[in-house]
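The values are calculated or read from the model by the stated rules, or taken from the named source; none is laboratory data. These numbers were taken from a predicted model, which means no experiment stands behind them. Here Cβ is always computed from backbone atoms with ideal geometry, including for glycine, and neighbour counts include all displayed protein chains.
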Amino acid sequence: MVKNRCHSCSPVDIAQLLSIRANCSYERMGDKTNVHVDFNAVFPSVAFTVTPINPLPIVQTALSKNLGSHLSISEVQGEPKSG
């Protein structure tokens with residue numbers, strides 16, 4: 001779950017990272033009732049440091065214009081380039 005959140009821009013809800021479990025039991029002895037309630041919580045011991053990264057502009061080159069164009073040299077010649 002944490003891995004999915006690291007790859008998205010969605011806000012993190014802290015309740016999704018915590019686990020709380022409750023056990024409740026009772027025992028009757030004649031006219032008396034003993035009730036036992038037990039709570040367990042699991043908290044991650046992980047600290048996150050977030051640093052925003054500014055987007056970098058893409059510099060247009062002859063190759064990027066050729067590859068991004070609908071008339072790239074591969075389409076004009078009719079065969080894909082490799083190498």
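Before moving on, here are some points about what is shown:
- Hey, GLU79 among the acidic types (Asp, Glu), loosely packed, with under 10 Cβ neighbours inside 10 Å and modelled with pLDDT of 80 or more or not: no
- Condition met for THR61 (modelled with pLDDT of 80 or more and exposed (fewer than 10 other Cβ atoms within 10 Å of the Cβ)): yes
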